[in-house]
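S.K.: One structure coming up, written as structure tokens, with questions to follow.
The values are calculated or read from the model by the stated rules, or taken from the named source; none is laboratory data. Computed from a predicted model, the values in this text were never measured in an experiment. Don't worry about glycine lacking a Cβ; one is built from the backbone with ideal geometry, like all the others, and counts go over all protein chains shown.
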Amino acid sequence: MSRGNNLIFRLLDELDAATTHQSELAELIEAHEDDPRRRAAMMKAVELPGRANVVKALATAFKTWNEAKAPEGKKAQRQAKADEIASGGKFAPRGGPRLAVDNGK
């Protein structure tokens, strides 16, 4: 699960860098792109609505990722609790017999 979270955080870092340098990216696109359709598509990618959609998608992915590691259902929780109780106290399985006298001497 942490691998997915790391990926989401890296994408957020990339988005932060793109947001921080948005005006510089726009200037580079305007200066170096001659094809008007390609320039429009690139400008659309770095504008606010595009970045807002990326944030929304990443938030949804993060939520979904965290829900995947949500606690189990009631039956699984009850079984885990029963296993925990059975492993200790008076319900714990007994160990093997102990020797009261060391016969090795």
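S.K.: Which of the following residues is exposed (fewer than 11 other Cβ atoms within 10 Å of the Cβ) and either touching a Leu at 6+ places or on another chain (Cβ under 7 Å) or assigned to a helix (DSSP H, G or I) (or both): 51, 10?
M.R.: On the way: 51 fails: exposed (fewer than 11 other Cβ atoms within 10 Å of the Cβ).
Unique residue meeting the criteria: 10.
S.K.: What number of residues within the range 18-48 are part of a helix (DSSP H, G or I) and at pLDDT 85 or above?
M.R.: Within the range 18-48, the first condition is being part of a helix (DSSP H, G or I), and the residues that meet it are 18-20, 22-32, 36-46, 48.
Next, only the ones that are at pLDDT 85 or above stay: 20, 22-32, 36-44.
Within the range 18-48, residues that are part of a helix (DSSP H, G or I) and at pLDDT 85 or above number 21.
S.K.: Quick one: in the range 69-102, which of the residues that are surrounded by 10 or more Cβ atoms within 10 Å (Cβ to Cβ), part of a loop (DSSP other than H, G, I, E, B) and of a type in the set (Gly, Ala, Ser) is modelled with the lowest pLDDT?
M.R.: Per the criteria, the residue is 92.
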